[in-house]
Amino acid sequence: MIPASYKPRKKFMELAIAEAKRAGDRGDYPIGAVITRLTGGREVVIASAGNRVKTSGSSIKHVELETLKYVSSGYGRYLTDFVLYSTHEPCAMCAGACVWSRIGAVVYGVSQEDIAAYGRKRGTEDYKWRACLIPCRFVLKKGNHPVPVIGGFLRRECQKLFSYRAS
């Protein structure tokens, strides 16, 4: 279990941001995720990846879902000692996967509201930035075990990803 006193670490969100930029470099939405594990007072990276929705052609290849599937395949169904860091708030689908995997905690940068607001103002045909305006906290609260959520972590740095383009 992740303790209630858990404090997210900047270096893990910075890794998620780097993964997001790699996704953007290959033509995908610049969204990144990292899953860490808390064991014996240490926190270590278990998986990291960038989004593959556009490059895979599948609207459900969200990075949070893909990293959860990957970690579950090696560590089992329940991930109570693990923390999901994502540059963007998990959508309802990904939050549901967090419930089913019993993730220990969720840390994200920009909210679904931030995503929707950016998409309305600056979305393009290639990068619509649609959002599912169901907060992950709502979905996680309806699950059968408590999941601590820390939102807005390194928000400004994550907001910069909206306009990130491959160089």
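The values are calculated or read from the model by the stated rules, or taken from the named source; none is laboratory data. Here the structure is a predicted model, which is why all the values come from computation and not from measurement. A quick note on method: Cβ atoms are made from the backbone with ideal geometry, for glycine too, and the neighbour counts reach across all protein chains shown. The protein model used for the area step is the full one, side chains on, heavy atoms only, and it has no ligands, DNA or RNA in it. Shrake-Rupley method; radii C 1.70, N 1.55, O 1.52, S 1.80 Å.
Taking a straight Cα-Cα cut-off under 12 Å and skipping sequence neighbours fewer than 8 places away in the same chain, the aspartates and glutamates within cross-link reach of Lys61 are Asp28.
Sorted by packing (mean other beta-carbon atoms within 10 Å per residue), highest first, where do 19-26, 143-150 land? Numbers along the way, then the final one.
Values: 19-26: 20.5, 143-150: 14.8.
Those peptides, ordered most packed to least, come out 19-26, 143-150.
Given the whole protein assembly as supplied and a 1.4 Å probe, what does the accessible area of Ser58 come to in Å², nearest 10? We get 30 Å² for Ser58. Residues in the range 11-16 carry Karplus couplings, in order, of 4, 6, 5, 5, 5, 4 Hz; the curve used is 6.51 cos²θ - 1.76 cosθ + 1.60 with θ = phi - 60°, and Gly or Pro positions show x. Taking Cβ separations below 4.7 Å as the criterion for a possible disulfide partner, the isolated cysteines in the chain are Cys94, Cys98, Cys136, Cys158. Per-residue ellipticity at 222 nm, computed for the chain from helices alone with -39500 (n - 2.57) per DSSP H run of at least four residues, works out to -11500 deg cm²/dmol. Distances between placed amide hydrogens fall under 5 Å for Ile46 paired with Ile35, Thr36, Arg37, all partners being 5 or more residues away or on another chain.
Per-residue 3J(HN,Hα) values for the range 97-105, derived from phi via the Karplus relation 6.51 cos²θ - 1.76 cosθ + 1.60 with θ = phi - 60°, read 5, 5, 4, 5, 8, 6, 4, x, 6 Hz in sequence order (x marks Gly and Pro). Taking amide H positions as modeled 1.01 Å from N, with prolines and chain starts lacking one, the residues under 5 Å from Val110 and 5 or more places away or on another chain are His88, Glu89.
Identify the chymotrypsin sites (Phe, Trp or Tyr not before Pro) of the range 29-84 meeting these criteria: DSSP loop state and at most 15 other C-beta atoms within 10 Å of the C-beta. Please list the in-between numbers first.
Details: sites: Tyr70, Tyr75, Tyr78, Phe82; in loops: Tyr78.
For chymotrypsin sites (Phe, Trp or Tyr not before Pro) across the range 29-84 that sit outside H, G, I, E and B with at most 15 neighbouring Cβ atoms in 10 Å, the list reads Tyr78.
For log10 I(q)/I(0) by the Debye sum over Cα atoms at q = 0.09, 0.10, 0.14, 0.21 Å⁻¹, the value calculated from this model appears in (1) -0.35, -0.43, -0.79, -1.37; (2) -0.86, -0.92, -1.07, -1.30; (3) -0.26, -0.32, -0.64, -1.49 under label (3). In order along the range 134-140, the Karplus-derived 3J(HN,Hα) couplings, from 6.51 cos²θ - 1.76 cosθ + 1.60 at θ = phi - 60°, round to 10, x, 4, 4, 4, 5, 5 Hz, and Gly and Pro are given as x.
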